[in-house]
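Data first, discussion second: the structure below is written as structure tokens.
Please treat every number below as a calculation from the coordinates, not as lab data. Since we're looking at a predicted model, the values are computed, not measured. Quick reminder, even Gly has a Cβ in these numbers, built from the backbone with ideal geometry, and neighbours come from all protein chains shown.
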Amino acid sequence: MSQGIKGTTNLKGRNFAVQSERTNGGEHIRVLGELDLSVTGLVDREIRRAEATDASSIVLDLHQLEFLDASGIRLLLRASGRSQADGNRLRIRRASAPQVERVLELTRVGEILPLAD
């Protein structure tokens, strides 16, 4: 059962949004636009909020992500590390943008993150 959008953060003038939803006992966090140093703190807080719940799963949805920099990669690695110590609840939905997938491929981070289609 979906409980609807829990929260949406938009930054005026920026190509970025993060949306959260609780569905069937799991947390679903969507990141849209550009994930860079200026917004990683917002995304990190939302992931940590989800981790603090009793959610059986946490999906970090990057499907609509258009840009990812080194700070975003660091965020994904840290979230994955916390998940490994907390029952492996985190799954990261792949981005549809080829440039984001290319960054994950070039850095080989895609080989160690819990990526799902």
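A few notes on this one:
- Rg followed by Dmax, in Å, when segment 2-116 is reduced to its Cα trace: 13.1, 38
- Extreme residue, positive dipole direction of segment 2-116, given options L62, S20, L113 (C-beta unit charges): S20
- Its Cα centre serving as origin, the chain has a Cβ charge dipole (Lys and Arg +1, Asp and Glu -1) of approximately 220 debye.
- The chain - share of DSSP beta bridges that are antiparallel (%, nearest 5): 50
- Anisotropy class of segment 22-61 from Cα gyration tensor, a/c 1.5 cut: oblate
- Residue order, fewest to most surrounding Cβ atoms within 10 angstrom, among F16, F67: F67, F16
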